[in-house]
Amino acid sequence: MDADPGGGGRYVVNPRSDRLQVSSHDEYMAVHKTLLADAEANGPDRRYDVVIWDPGGGFLGFANEYTRKQLGVEEITGFDHNKVAANMRNMWLELLRAGYWLLMTDHLRKKLISKTGEKEEIVTEALLPASVLKYLEQDCHHIFTLGLEWIPVTVVDPKSGKEKMDKKLLYHVSTRPGRRTSLANPKTRVWLPEEFPEWPQSGDSSELWDAYDAIFQKSITAMATHNDKKKG
């Protein structure tokens, strides 16, 4: 589900995904209810396994819209920000409880800080506020930081056979200052020491999601095996 008003999110996730543009809380909830009904009626045979929110900040806007209607106010202030975060959390928990996996993307905020009299650019945190990140740390399995960059490439036009300029989206998995990897397990509050060697650290963005899918399936199998052992 693409909540980017400009539709730019289509470049971020697997292009083979079914993509639906949503621009309001009501539009989102119509899809949300359809997903829940499908899961309840069909269980593991439901149409989709994974729901992608792109970007998370857009869905925070939907939670904000819903909260304002609940409270009958034109703008959210003070402690009501926590109610917005709680409403957003309820949206993703309903999907998780129905058996869906949720993949959420968001942007990082950059700012300039002064250090020893010089300007230094640093990446701080995601645009999602601390109230939302607190819940994500409780509920999600992994967080990773990803850099995306368009580069010009020369390709051959299949119709004319002539060369033309195009662009390719490359990615790199970013490391955070003082951390060995950008992959985290928030449930244990520790950054994972491994680099996930089966996951390429850089390359064509389309390859990233194939690699992510392989790790995703491996994780599901590992967790199912772990749960079976606990039951035994």
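Bear in mind that the values in this text are calculations on the coordinates, not laboratory data. Computed from a prediction, not measured in an experiment: that's the story for all the values here. A quick note on method: Cβ atoms are made from the backbone with ideal geometry, for glycine too, and the neighbour counts reach across all protein chains shown.
Among residues other than T67 whose Cβ falls under 11 Å from its Cβ, what is the net charge (Lys/Arg +1, Asp/Glu -1)?
Summing Lys/Arg as +1 and Asp/Glu as -1 gives 0.
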Provide Rg and Dmax in Å for segment 1-106, with only Cα atoms included in the calculation. 14.2, 44
Quick one: which of 29-35, 90-96 comes out on top by average Cβ neighbours within 10 Å, and what's the full order, highest first? 90-96, 29-35
